[in-house]
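The values are calculated or read from the model by the stated rules, or taken from the named source; none is laboratory data. Note that this is a predicted model, so its numbers are computed, not measured. Please note: Cβ atoms are built from the backbone with ideal geometry, for glycine as well, and neighbour counts cover all protein chains shown. Just the protein is used for accessible areas: all its heavy atoms, side chains included, with ligands, DNA and RNA removed. Shrake-Rupley method; radii C 1.70, N 1.55, O 1.52, S 1.80 Å.
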Amino acid sequence: MKTTTEKFGATPHQPSLWTRADALKVRADDPTTTQPLVSADFPVLNNDVFIWDTMPLRDLDGNVTSVDGWSVIFTLTADRHPNDPQYLDEDGNYDILRDWNDRHGRAKMYYWFSRTGKNWEFGGRVMAEGVSPTAREWAGTPILLNDRGEVDLYYTAVTPGATIVKVRGRVVTTEHGVSMVGFEKVKPLFEADGKMYQTEAQNAFWGFRDPWPFRDPKDGKLYMLFEGNVAGERGSHKVGEAEIGDVPPGYEDVGNSRFQTACVGIAVARDADGDDWEMLPPLLTAVGVNDQTERPHFVFQDGKYYLFTISHTFTYADGVTGPDGVYGFVADSLFGPYVPLNGSGLVLGNPSSQPFQTYSHYVMPNGLVTSFIDSVPTDETGTQIRVGGTEAPTVGMKIKGLQTFVVAEYDYGYIPPMLDVTLK
Ligand code: FRU
């Protein structure tokens with residue numbers, strides 16, 4: 001088998017490091033990197049289902065695309081169970097929080113459409129029951145391939161295992177709405193290899209998911225980002241000088257941070273259609289810093305590569321912390337080196353008074369950031385909450401050089417198209 005070096009004729013890149021020193025710069029509640037408070041009286045997209053990770057239909061260059069004037073989003077979706085005895089508490093009331101927390105086990109891909117880029121109308125399931133090979137249909141990316149309406153949906157087939165897969169179908173429009181047809185044959189693409197990317201055998205809490213294919217604006221080739229953990233047995237990772245970075249005296253102790261080993265993975269397609277992929281070493285690692293860098297994606301702007309990824313407070317390592325939200329890194333070339341935006345990496349975090357208000361942020365090339373509402377406190381102490389499972393207000397953000405700034409807030413789930421494709 002050819003090595004990466006032979007194939008690319010260059011030294012394989014070194015992953016960039018998000019260091020503990022970088023993470024020490026994270027400041028929650030900085031107004032320029034904090035999502036405005038989400039009000040507890042938010043509207044709910046649909047009372048029959050929870051929705052979370054939102055995936056706008058786009059092209060391979062990252063442009064959010066409408067078809068025949070219809071905007072389309074895909075969402076991870078699960079039924080709500082207000083009447084299921086399994087989700088009633090001792091008093092017979094619906095325990096929505098438990099239902100919400102269980103949603104990942106029954107996640108399915110659904111789609112929605114709209115004429116206005118908001119107020120989404122329910123489309124339905126993308127794949128019929130039984131098409132996807134595993135129990136869970138986890139996040140990925142729908143790509144509009146051409147003006148015949150062909151769509152490649154890349155996603156993660158989870159439990160058993162975690163496999164990056166794709167399924168091809170077609171978007172069809174009428175003057176009344178949108179439907180998804182086809183999506184009948186799921187093609188497995190790749191799984192973690194245990195050499196670059198951690199496997200389930202190496203760590204039962206491994207992460208390997210969230211494909212985001214793209215065409216590199218500079219070399220024109222087809223690549224894919226994904227979430228991973230750095231290969232190796234759980235507990236065997238070293239948090240050394242490089243991972244620690246330049247910390248002040250008193251900050252050298254890394255505690256148990258060897259258990260946090262997130263990375264942003266990258267693969268390159270061997271063919272034009274994206275049916276045959278080769279994994280490359282990670283673009284970015286967060287060993288000793290954080291255990292999850294989820295849903296990685298790019299914005300290509302000003303000749304730079306802006307790499308965004310979502311992460312949680314609970315996945316940070318000992319001695320470092322930050323809000324749930326989206327983090328970012330920037331480089332002049334695809335393979336780096338990447339430096340954290342805003343010094344720390346934090347781009348848009350939840351305010352500390354509402355630490356779980358939103359998650360799964362997706363930064364679009366027009367600077368708009370969509371996310372979903374997780375839960376919002378309904379009293380002063382934060383003991384009472386309202387569960388979301390619906391679209392959050394969209395945030396407007398400016399990306400300038402090595403910095404980002406929150407500059408605007410828009411309606412719930414506002415995801416306007418950047419270009420429209422007229423289907424033939
Ligand atoms: C982010 C995420 C994704 C995963 C999905 C599972 O919210 O954790 O990484 O694909 O949710 O529900």
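No other residue among 101, 47 is of a type outside the set (Phe, Trp, Tyr), out of contact with any His (no Cβ under 6 Å at 6 or more places or on another chain), modelled with pLDDT of 95 or more and away from the ligand (no atom under 16 Å from the Cβ) apart from 47. Does the stretch 348-355 contain at least one residue that is open to solvent by 10 Å² or more (accessible area, probe 1.4 Å) and either assigned to a strand (DSSP E or B) or under 25 Å from residue 55 (Cβ atoms) (or both)? The answer is yes; a qualifying residue exists. Annotation: of all residues in the stretch 159-171 being over 24 Å from residue 298 (Cα atoms) and within 16 Å of the ligand (Cβ to nearest atom), the one that is most open to solvent (accessible area, probe 1.4 Å) is 160. Working only within the stretch 232-248, note down all residues that are more than 26 Å from residue 200 (Cα to Cα) and either acidic (Asp, Glu) or under 26 Å from the mean Cα position of the chain (by Cα) (or both). Matches in the stretch 232-248: 241, 244, 246. Selection of the stretch 370-398 for residues being over 19 Å from the mean Cα position of the chain (by Cα) and in contact (Cβ under 8 Å) with a residue 12 or more places away in the chain yields 376, 377, 378, 382, 385, 386, 387, 398. For the stretch 140-148, check the following and say yes or no: at least one residue is among the charged types (D, E, K, R) and assigned to a loop (DSSP other than H, G, I, E, B). Looking through the stretch 140-148, at least one residue is among the charged types (D, E, K, R) and assigned to a loop (DSSP other than H, G, I, E, B). The set of residues in the stretch 172-195 being open to solvent by less than 50 Å² (accessible area, probe 1.4 Å) and farther than 28 Å from residue 130 by Cα consists of 194 alone. Among the residues making up the stretch 107-129, a single one is small (Gly, Ala, Ser), assigned to a strand (DSSP E or B) and surrounded by fewer than 16 Cβ atoms within 10 Å (Cβ to Cβ): 124. Looking across the stretch 104-149, the residues that are within 16 Å of the ligand (Cβ to nearest atom) and hydroxyl-bearing (Ser, Thr, Tyr) come down to 110, 132, 134, 141. Does the stretch 251-274 hold any residues that are open to solvent by 10 Å² or more (accessible area, probe 1.4 Å), touching a strand residue (DSSP E or B) at 6+ places or on another chain (Cβ under 9 Å) and of a type in the set (S, T, N, Q), and which are they? Within the stretch 251-274, just 260 meets the criteria.
Scanning the stretch 64-91 for residues that are open to solvent by 40 Å² or more (accessible area, probe 1.4 Å) and away from the ligand (no atom under 15 Å from the Cβ) yields a count of 11.
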